[in-house]
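The values are calculated or read from the model by the stated rules, or taken from the named source; none is laboratory data. All values derive from a computational prediction rather than experimental measurement. Note that each Cβ is placed from the backbone with ideal geometry, even for glycine, and that neighbours are counted across all protein chains shown. Only protein heavy atoms, including side chains, enter the accessible area calculation; ligands, DNA and RNA are left aside. Shrake-Rupley method; radii C 1.70, N 1.55, O 1.52, S 1.80 Å.
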Amino acid sequence: MTQELPLPSDADPTDSADRAAIYRHLTRPGQVPVHMNIGARTVEIANTMPGRTVIPWGPAVTRPTPQVVAEVTELLRQRGLALGAVDEGGRQWIGFRPNPTHQALRAKVARTLRCAEYEVQLGCSDDGQHVVVTDHPPITGDTDRQRGVWLDLARRVIGHEGWTVVVDSGRGVIEMHAGERVELPTSMRVDPSKWLSHAGSQWSLPFGIDGRGRTVTWDLTRAPHALIAGLTGSGKTITLYAIATAALAKGFDLAICEVSKTGADFDELRPFVGDGLWGCDSKHAASTVIQHVYSLKDQRMTTLRQAGYKKLADLDRSQQEELGIRPMLLLIDEAAALLAAPPPLKGLPKDHPVAIANSQEQLDVALGGDAIRRISAELRAVGVHLLFATQTFEAALMAPAGGGVLRANLPFRVLMGRASTTQIGQALMRPQAAETAYVLAHGQAAADDDSAPDLYSQPSPGRGLVETDSSTAAFQGVYAPESSWIEALSQMGVPEPGGAAPTEETEGVDWDAA
Ligand SMILES: Nc1ncnc2c1ncn2[C@@H]1O[C@H](COP(=O)(O)OP(=O)(O)O)[C@@H](O)[C@H]1O
Ligand SMILES: [Mg+2]
């Protein structure tokens, strides 16, 4: 009863915008795509009303009373048809020829929603494992509650556990899938020296693979700053390594701030971090580095203007070297720890060492946070790019850096690993568009509960969602051990401004005597 159509060759079935386009292009009225087979690159299309037949109301009918509807239903049944819909405006009954799977599903949905069968329109795959409901009487409550109703229905009424439900208010449909899994690679191990030597614009930093097998990149010309959110173990640090090493390979300066583990995760990158750009030893150090980065603005602006340029992206690498301005990546990991101000102390004299340390820390948070906010708003033209990573993007925790406004200034957003619907809403601007991508990435809908156990197990680390201003898609992040990223950079001859190791010539020289 369903029809299998090939996907357009350039469409990415894990990308929300592409999916919407696929739906529009491949379906006609009354048809719904019930299942997208990502591996085979096909879509299964079902009719919501196969064998549609229109029967005008007789002159005696004034209203579709339950009694009339019952009579019509019986007449249709005798002809092997079911009542598909009642078109009051057009004064007509719509009959159709359902198959047994379709009929059984529709009856169950109608019974659960306590409505008449003709009020429910759906399409289903031949095996009944994929159901798309296109019309039903309204269900009260917000999207979360609606999803709950449908999930319950899928589980208890239609079948076994393992269903996923997507409420897509944009298309006005509810999709229910039995145990669908995305066919992104479960792991994307790369050889960093090959991966990093990929050509491509200086302004495009690669870090993953999407559902079309294409490289996923952060395009700095479209989105100057990025947010990476994800619970512990989801693959943030690995992703940060991929992005930071790509930036280094493309001639960027690198600044790193990570105070919760005093930079332990980034120790191996330290030689590549220049003077005054390593902000991991304390909050004070991080705040100082961030303020320093912001202070580069005026001088860079002046230099660019004097050379006749508006923005650094207009210069190629040799022109950048000539002017002595390289693009810069400011990487801030575990940002919530950095932005946590200590509560003010009461009852201590102002000059007590603890009171002094306390007010210094408050100052560091306030000044560092303010500089982050300014960098995100003002530094794109001079080629300073912020990569802001945090476990969750709770606006209250981000208040020193501008709260929710900061998120809007981070137009490239990555959400690693599993997340609750709340965490998705905090990290991404369009949580609704993310629903489908999330199901594709993780094989199930996001939990509504922030403490749901499956949030903290990461069955496929490195899996994530990427949101830009135009789309939301699932991806698998590339993986290589930290040390092999570093080896590749050294092989490529990337300079090590922070490399403290003395060179052979200077070793053993007696400076006093010289
Ligand atoms: N892209 C990936 N592919 C395979 N394994 C990964 C990937 N990203 C992370 N991992 C695994 O998950 C672990 C935790 O990742 P990490 O980046 O440290 O998470 P986070 O910084 O979010 O806590 C890593 O040590 C690694 O074993
Ligand atoms: Mg980490």
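Things worth noting here:
- Selection count where residues are in a loop (DSSP other than H, G, I, E, B) and surrounded by 17 or more Cβ atoms within 10 Å (Cβ to Cβ), scope region 51-81: 3
- Flag if K297 is farther than 29 Å from G417 by Cα, in a helix (DSSP H, G or I), touching a residue at least 12 places away in the same chain (Cβ under 8 Å) and more than 16 Å from ligand 1 (Cβ to nearest atom): yes
- Some residue of region 266-281 being away from ligand 1 (no atom under 16 Å from the Cβ), farther than 20 Å from A247 by Cα, in the same structural domain as Q391 (by TED's automatic domain parsing) and open to solvent by 10 Å² or more (accessible area, probe 1.4 Å): yes
- Residues being over 8 Å from C257 (Cα atoms) and either of a type in the set (G, A, S) or in a helix (DSSP H, G or I) (or both) - total across region 274-288: 8
- Selection status of S470, polar (S, T, N, Q) and within 20 Å of I228 (Cβ to Cβ): yes
- Scanning region 365-380 turns up no residue that is of a type outside the set (A, V, I, L, M), crowded, with 16+ Cβ neighbours inside 10 Å and free of Cβ contacts under 8 Å to residues at least 24 places away in the same chain.
- Whenever a residue of region 257-268 is at negative phi, its partners that are away from ligand 1 (no atom under 11 Å from the Cβ) and open to solvent by 30 Å² or more (accessible area, probe 1.4 Å), lying with C-beta atoms within less than 7 angstrom and at least six residues away or across chains, give the pairs V259/S282; V259/K283; V259/A337; S260/A337; E268/S483.
- Within region 199-239, being of a type in the set (D, E, K, R) and in a strand (DSSP E or B) holds for D210, D219.
- For region 22-50, the set of residues classified as part of a helix (DSSP H, G or I) and surrounded by 14 or more Cβ atoms within 10 Å (Cβ to Cβ) consists of I22, Y23, L26, listed by residue number.
- Filter result (among the β-branched types (V, I, T) and either farther than 29 Å from N37 by Cα or surrounded by 19 or more Cβ atoms within 10 Å (Cβ to Cβ) (or both)) within region 113-148: V120, V131, V132, V133, I139, T140
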